[in-house]
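A short worksheet on the structure shown next.
Quick note: the coordinates plus some simple rules give every number you see, no bench work behind them. Because the structure is predicted, anything quoted here is derived from the model rather than measured. FYI the Cβ positions are ideal-geometry reconstructions off the backbone, even for glycines, and counts take in every protein chain you see.
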Amino acid sequence: MEINILMVCLGNICRSPLAEGVLKSKLPSTRFRIDSAGTESFHIGKSPDYRSIKVAAYHGIDISFQKARAFKLEDFNLFDKIYVMDRNNLKIIKQLAETSEQRDKVSLVLENEEIPDPYYGDEKDFEMIFGLLNKACDKIKSDLIN
């Protein structure tokens, strides 16, 4: 049985594409389908931020092929688990949910900690974000495989 996981941030060009790439590098593609989306639509069709691509590549992960997309209501039916990067996006996605079952699929990717948006930062901010996402994805892997 395949498990479908969605990573969500604001614009789907910094945090969630990186989270998608990190989690894909940790889980077997035969058992897991991982995607990402944004709560806003201003970057639809664009590649991830070059700094996300660069930090991922530094760690041996290629996310350059990804394209930004917006979260859709049908994602609640397509995904078993929806991880968001911060409390603002958590609130947005939970408000879109039409049932308690849909709301229960949504949580912060790093339990009680937010993944800050590095968009206005520099490359060291993206490296810090990578570290947080790596930690979060290790926990997700442990929860799903053990």
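Exposed loop sites here are trypsin sites (Lys or Arg not before Pro) assigned a DSSP state other than H, G, I, E or B and surrounded by at most 12 other beta carbons within 10 Å; excluding them, the longest clear run of the chain is 73-146. You can think of it this way: the chain between GLU40 and LYS94 has 18.0 nm of extra reach, that is 0.36 nm per residue less the Cα-Cα gap. The label point for LYS54 and the one for LYS72, both projected 7 Å from the Cα toward the Cβ, are 3.4 nm apart. Applying the criteria of a DSSP loop state and at most 12 other Cβ atoms within 10 Å to the GluC sites (Glu not before Pro) of region 1-105 yields GLU2, GLU74, GLU98. Mean-square fluctuation check for the chain, GNM, Cα pairs under 10 Å: which of TYR119, TYR58, TYR83 is largest? Answer for the Gaussian network model of the chain: TYR58. Taking each residue as 0.36 nm, the span from ASP138 to PHE65 lengthens on full extension beyond its C-alpha to C-alpha distance by 24.0 nm. In the structure shown, the pairs LYS72/LYS124; LYS67/LYS135; LYS54/LYS94 are assessed against 28 Å; a Cα-Cα span above that value is assigned to LYS72/LYS124; LYS54/LYS94. As a ratio to 2.2 N^0.38 Å, the alpha-carbon radius of gyration for region 92-146 is 1.39. Once you reduce region 85-146 and region 62-78 to the center of their Cα atoms, the two points are 15 Å from each other. Overall, the chain carries a charge dipole of about 220 debye about its Cα centre when +1 sits on the Cβ of Lys and Arg and -1 on the Cβ of Asp and Glu, all other atoms neutral.
Can you list the residues of region 80-109 with backbone N under 17 Å from a point 7 Å past the Cα of ASN4, pointing along Cα to Cβ? From region 80-109, the list is 80-84, 97-99, 101-107.
Rounded to whole numbers, the Karplus 3J(HN,Hα) couplings from phi for region 70-76 are 8, 4, 10, 4, 5, 4, 4 Hz, using 6.51 cos²θ - 1.76 cosθ + 1.60 with θ = phi - 60°, and x at Gly and Pro. Look at (1) 59, 32, 22; (2) 39, 35, 28; (3) 43, 33, 28: the one that is Cα extents along the principal axes in Å derived from this structure is (2).
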